[in-house]
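Below: one structure, written as structure tokens.
Computed from the coordinates by the stated procedures, all read-outs in this text should not be read as laboratory data. Because the structure is a prediction, the values reported are computed rather than measured. Backbone-built Cβ (ideal geometry, glycine too); neighbour counts: all protein chains shown.
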Amino acid sequence: MTRVVTLMGSGETAPTMVRVHRQVLERLGPAPVPAVLLDTPFGFQENAAELVARIRSYFSESLRTDIAVGSLPGERGGSTPEGDDRFASERLVTLLRDARYVFAGPGSPSYALRRWSGSVVPGLLVEKLAHGGAVTFASAAALTLGAFTVPVYEIYKVGEEPRWLEGLDVLGAVGLHVAVVPHYNNSEGGTHDTRYCYLGERRLSVMEAALPDDHFVLGVDEHTACVVDLEERTVSVAGVGTVTARRRGRSTVYEPGAVLALDELVADAFAAPHRPVELAGGARPEAPDTTAGATDGSFPAGPPLLVIVRAKEEAFAAALAERDAGGAVAAILELEDELERWAADVPQQDERERARASLRSMVVELGRLASAGVRDPRDVVGPFVSLALELRKVARDERRFAEADLVRDGLVALGVELRDGPDGTDWVLGATP
């Protein structure tokens, strides 16, 4: 029997997480695996239907899996006919009961908690993990699964004091007493600390002190998955970043590809403060830096799509510096291919707009540089030829014929054919000898 809960830090519909989704789906039995999308975290948004369509497209095209939509009454994603919410709750119960794969992702964690708390959803998720199935929650949805939840928007955007909300505590039912913090390595702030799901070190330290002694923070980097196998009692890390078990400012970090016992993860989090905590592989972490982020350059490279964009920008610039038109065109086409690959991703910021802007700027720059190539070659070399002809005329007038011939021969060698006539000297561009 397969019982798996997967926590994704972000990138749940990006190319970085395709392999993670596929591996879990393959464990759930032969296709088609019944799957359901819970759209509640973004169900209040005006573009909810668009996000649903994008997620369903990702599952269909990248994972070869059809995914149904489970909505609570009043949500805009829509599992029920337009304007008909009479049976939304009953429909959701049926979908969750029959699904082998349950997925939820971006949006507002506090909104999702208000809608899910007191509903059938938490109990059905626990039942799924008890009797067989997989729950994959990412970003805002992942925040809700622990005993405590970060009200991200209220703290980061509205300015409320750092505090916890009571979470669904689905993970508590399987032995993990944690506060899940996705976007753990976020670097969107640039000059200010937005790690730990936009909290930064200062606010996380305050909130961490308020956690009960038997709880800890489980941090999941962006475009990273923490896969908990409840049958094997193991935890594995997949994707591009790390998973962190943190308690009272002490952290144990697990690199991509790490596999460890679930009990080991818990033990690492509760290691006695006086005993150095060892990382996977035996290395020891440095003392936590509470000032990192603003000026020390310690922020991560950023979201994978933007890392790709910067790499293509550098390739484009290098090609131009080498006057390699083919290389510049290749960088543009490769970036366009990447935008297509990431089309289904639901970004947490304006990553795709930034990528499109970069693509357009490359095209404009290449066009600007190519403008000289479509001009009449006479317009380009004409001023230089005219100067050389004037020097030749002066030399001939002064009967310095050897110098005049030297100018003529030099122009011919460069592919400029001279035609002397009674009205002066004309010239045409010809093949270089």
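For the range 390-428, applying the loop criterion from DSSP together with a ceiling of 15 other beta carbons within 10 Å to the GluC sites (Glu not before Pro) yields 398. Rounded, prolate or oblate: which fits the range 377-429, taking a ≥ b ≥ c as square roots of the Cα gyration tensor eigenvalues, rounded meaning a/c under 1.5, else prolate when a/b beats b/c? Prolate is the answer for the range 377-429, as a/c is 1.5 or above and a/b outweighs b/c.
How big is the antiparallel share of DSSP beta bridges in the chain, given as a percent to the nearest 5? Please list the in-between numbers first.
Numbers: 31 of 52 bridges.
Beta bridges within the chain, antiparallel portion: roughly 60 percent.
Note on residue 406 and residue 50: the model spin-label points, each 7 Å out from Cα along the C-beta direction, lie 7.0 nm apart. Here the calculated FRET efficiency for residue 391 and residue 356, from their Cβ-Cβ distance with R0 = 60 Å, stands at 0.70, rounded to the nearest 0.05.
From the mean inverse distance of alpha carbon pairs (Kirkwood) and the Cα radius of gyration, derive Rg over Rh for the chain.
Working: Rg = 31.1 Å, Rh = 25.2 Å.
My calculation of the ratio gives 1.23.
The separation of the range 183-206 from the range 15-66, counted between C-alpha centres, amounts to 28 Å. Take the chain and mark each of the trypsin sites (Lys or Arg not before Pro) that is in a DSSP loop with at most 12 other Cβ atoms within 10 Å; the longest unmarked stretch, sites excluded, is 87-322. Please identify, among 181, 407, 237, the residue showing maximal mean-square fluctuation in a Gaussian network model of the chain using a 10 angstrom Cα cutoff. Highest fluctuation among the options: 407.
Just the ratio, please: alpha-carbon radius of gyration of the range 155-214 over 2.2 N^0.38 Å, N its number of residues.
1.22
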